[in-house]
Every structure is written in C-alpha cells, then in structure tokens.
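Inspection log for the structure reproduced underneath, given as structure tokens.
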Amino acid sequence: MSAPAESTSPEKQESGVANPYLKYQGDSNAADSAPRHQRIQLSSDRSKEPQSVLGKRPSTAAGSASQSSKHQQREKFHPNVYGNYKAYYSSRRDKGQKDDPRMNVLDSSLITDKTVLDIGCNSGNLTIVLAMKYKPAHVVGIDIDPNLIHSARTHLKLAYSLRNPDSDEVDLDIGFKYHYFPHSMSTMFGFLPTLPARSSPKGFPYNVEFKADDWLKTPTEKETYDTILALSITKWIHLHNGDEGMKEFFHKAYQSLKPGGIFVVEPQAYESYARRRRDSEHIKAMYDSIKFLPDQFKDFLLNDVHFASYEIAGDSENEQNGMAWFLLLFWLNAYSNCS
Ligand SMILES: C[S@@+](CC[C@H](N)C(=O)[O-])C[C@H]1O[C@@H](n2cnc3c(N)ncnc32)[C@H](O)[C@@H]1O
C-alpha cells in the first residue's frame, strides 16, 4: 500500500492536523474539553482506581465447588462461547438506524481500493456493506464459526441479488432489511448468477471472500493487508487464549499489515469479560489468569508491537449495554514492519 501523503501522515495528526481517515475528528491530546471517550484513562498503572470504560478488574473470589460442577456441565458446549452470536447484526441494529454506527466513524479511505481483513466477521453483514459502499480492492472476512461463514457466503449472494443494479447507492442496511428488490425475489427465483472465477471478474461481489478458521492459528500472511479490522473480538481472543494469546494476536496483526497499514481495534471493556467466565472451565482459568487488561492494549501496541502512532475515534453518544464504544486506529510505519 502506498503510504498516506506526507501532509496527512499519522505523526502530523498527533501534532494536531486533521486526520482524513476519520469522519469523526478526535484530538487524543485534548483533555477536559474532549468528548467522554477521549477522556478515557488508558494508563497501565493498575494501582490507580480504574476509570476507563475499558473496565476495571472485578474482585474474583475463588469459585465454590457447586460453581465448579456447573462449569463442568457447560464445559462441552456453549453456543456463544466465541461471541459467535447468530442474528448478531439484527440485534445490534438500532431501531430506525439503517447503518452500523461504527460505519460513521470508519472513513471510506480506510477501505476504498485497499486490501482489507475483517477478523471475526460473524455473518458478514458489516463486511458486505463495507464492500458495497466503500469498494475495497479485496476484503477477506474470517470467522472461527463455520456456520456463520456459511451464512456470510449466503448473505453475499443475497446482497448481490437484492441491490439496485443500476445504482451505485447502497440500499442494503446492516440487518439486510432495506434493499431494492424484495427478499421474495431470491426466494422464488434464486440468487442472481455470478460470473465464473476463471474470468477474474472485478468489483462487488467478487472483491469479497469469506473463510472459516481460527485466525490466531492460521499461518501469518506477512505484509498482505492495508487495513485490518478487529471489531468486538479482543474479549473472545483474550478469554480463549489468555494474555499470551492476546499479545500474539496483536503481533500477528502487525506482521500481516503492509508498511503504512492501519489496524482498527474495537476493544471490549474488561467488565464485560466476567459475564463469560462460567462458559467453560478453560475460559474461567483464562479469565482468572488475565493480567494484561484492555486499558493496557494501547501502550502495548505502541511500545511492544511498535505501531508508529494511534488515534481514538468514536462517539460518546453511542452506547451499548451502558458502555461507550470507540475504535482505536494504529498506523504502521510506512517504511517497515519488522519487529
Ligand atoms: C461479537 S462478534 C463481532 C462481529 C464483528 N467483528 C462486528 O463487530 O461486527 C465476534 C466474532 O468473532 C469471532 N471469533 C472469535 N474468535 C475468533 C478467532 N479466533 N478467529 C476468528 N474469528 C473469531 C466469533 O465467531 C464472532 O463471530
């Protein structure tokens, strides 16, 4: 990927020049005048009373014997154990709000003509809408749950079949509720046929690919992507793989980016981890072992992984489950990603 033009480099954004990659222009140096998400304490000093929306560590009393036997019963299977919720996007979608609010923060320049990886793409709705709206050169959505990837591939054919073929306007919302043709067209006549791969067709839907795999365990595709999205997935990586797995995830993202690439993370609050600790014995053990807290991610990504700079983006008006959400954007140095 070509590096951002000099006048728009991340280093300059840190010094106050507006960032063209963001629709919401944050100023990570502003203090009290900043919106709430930018007053977050991202300090790694755990002796301080945590104030971060990323969460403080609740007290963890040792589990009782009865709790332990309940864990064993649930050990084998929990349907949402990886955050692999079905109907994730229709439940996420606010009433009357067509798009995922995160799309209002992610500027098209992060995606358009770029090679993009969406880690933990779930049923692909956001990946597909981003692909239709922002036209990446290629976007890969990967998810650990093969059933969700099956849905994502079906959604891709559906999105292609429902769109207005004569317009560049995207009339498909994140819940696939708004669209040009009615669903009944696809139900009655099937999906629109696509061109054979051998003809190397370009554009939507040919620029979207879905893969079923545990991304952490896949071979690292070095310097492959311009933009990597890791939205609402850190909790699941952390709870299944512990602190070491979480750190490996960040290093792997860095290595997978081309020089000048951008890593977009939407970290989940530590408080939200506790709700999942009874999902399995393994998760409980991981949860109890966690010392690397989400409010330390930013410093780790800058100091240990060696991303060159970062920016916080989000909207303090948007809340989910009573917590403000925000995105962290990390820029890789334009010259090299050797760590
Ligand atoms: C809460 S959903 C978030 C979906 C999407 N990223 C978004 O924010 O709109 C988390 C997704 O990550 C997937 N996931 C969890 N661990 C994964 C892993 N190791 N590799 C790939 N996908 C994973 C889950 O199956 C689930 O679909």
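Backbone amide hydrogens, once placed in the peptide plane, bring residue 314 within less than 5 Å of 327, excluding anything fewer than 5 places away on its chain. Distant-in-sequence amide contacts of residue 118, defined by a placed amide H-H separation under 5 Å and a gap of 5 or more residues or a different chain, comprise 140, 141, 142, 229. Highest mean first, the peptides 153-159, 271-277 sorted by other C-beta atoms within 10 Å per residue fall in the order 153-159, 271-277.
Pop out the ³J(HN,Hα) list for segment 278-285 in order, Karplus 6.51 cos²θ - 1.76 cosθ + 1.60 with θ = phi - 60°, rounded to Hz; leave Gly and Pro as x. Result, ordered by residue: 8, 5, 6, 4, 4, 5, 5, 5 Hz.
A simple spin-label model places the labels of residue 168 and residue 282 4.7 nm from each other, with each point 7 Å out along Cα-to-Cβ.
Amide H contacts of residue 223 (H built 1.01 Å from N, in plane; Pro and chain starts excluded): 256, 257 sit under 5 Å, all sequence-distant by 5 or more or on other chains. One Cα centroid belongs to segment 129-192, the other to segment 96-118; the line between them spans 15 Å.
Bear in mind these aren't lab numbers, they're just calculated from the coordinates by the rules spelled out. Quantities reported herein were computed from a predicted structural model and do not represent experimental measurements. Neighbour counts are summed over all protein chains in view; Cβ atoms, including those assigned to glycine, are modelled from backbone coordinates with ideal geometry.
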